[in-house]
1. Using DSSP to define loop residues, name the trypsin sites (Lys or Arg not before Pro) in segment 59-146 whose beta-carbon has at most 11 other beta-carbon atoms within 10 Å.
2. Note down the nm distance, to one decimal, between modelled labels 7 Å out along Cα→Cβ at ASP79 and at TYR144.
3. What Rg and what Dmax come out for segment 26-171 when only alpha-carbon atoms are used, in angstroms?
4. Per 0.36 nm of contour for each residue apart, how much would the distance between ARG108 and LEU135 grow if the chain were fully extended, relative to their Cα-Cα spacing?
5. How would you classify segment 21-84 from its alpha-carbon gyration tensor, with a ≥ b ≥ c the square roots of the eigenvalues: rounded for a/c under 1.5, else prolate if a/b is greater than b/c, otherwise oblate?
6. Round to the nearest 0.05 the FRET efficiency obtained for THR41 and SER124 when R0 = 45 Å and r is the Cβ-Cβ distance.
Amino acid sequence: MRSTFTQISLLFIVFISINTQINAQDINWISWNEAVELSKTDAQPKKIFVDVYTDWCGWCKKMDKNTFQHPDVSKYMQDNFYMVKMDAEGKDPITYQGKTFKYIPSGRRGYHELAAALLQGRMSYPTVVFLDEQLNMLSPVPGYQQVEPFMQIAKYFGENIYKDKDWENYVGK
């Protein structure tokens, strides 16, 4: 009897594991340069979403796992945004609009100039940044975001609600 229960339990765990993997959608993260190029060449360009992170940021890793890998989040974001992952301490230069943004050694770690520009000098992680189709800043959003609040923010920008309503009216405050 105990062995039958164990077998059923194991089958249930395997089923749940497979079902979770099927429902989770990997995000196709692209580079800043790829997103800029797509925004110029696509017939119907999307807005750009930038996840600014660091390798040492635990909350960044948690947001990757719990928020970005959620099936609803990953599908919505892939459908509506070019998804960019940007290491705020990345060492590779990025040329954009005739300016080359570089890594700046500072303190123990340093920072990338483009990350600093996108975060408006407020270097906290994680911070996500929403840009429109012409790469104009819509808003940086600092801090760890759970699925529901994140989806509310993503839809605010993704569905152009920001053009007609300010944030307080949108969230009902």
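Rule-based calculations on the coordinates, nothing more; no lab input. Owing to the predicted nature of the structure, the values given are computational and were not obtained by experimental measurement. For neighbour counting, all protein chains shown are included, and Cβ atoms are generated from backbone atoms with ideal geometry for every residue, glycine included.
1. Counting only loop positions with at most 11 other Cβ atoms within 10 Å, the trypsin sites (Lys or Arg not before Pro) in segment 59-146 are LYS91, ARG108, ARG122.
2. 2.8
3. 14.9, 44
4. Difference between extended and current length: 6.6 nm.
5. oblate
6. E(calc), rounded to 0.05, equals 0.85.
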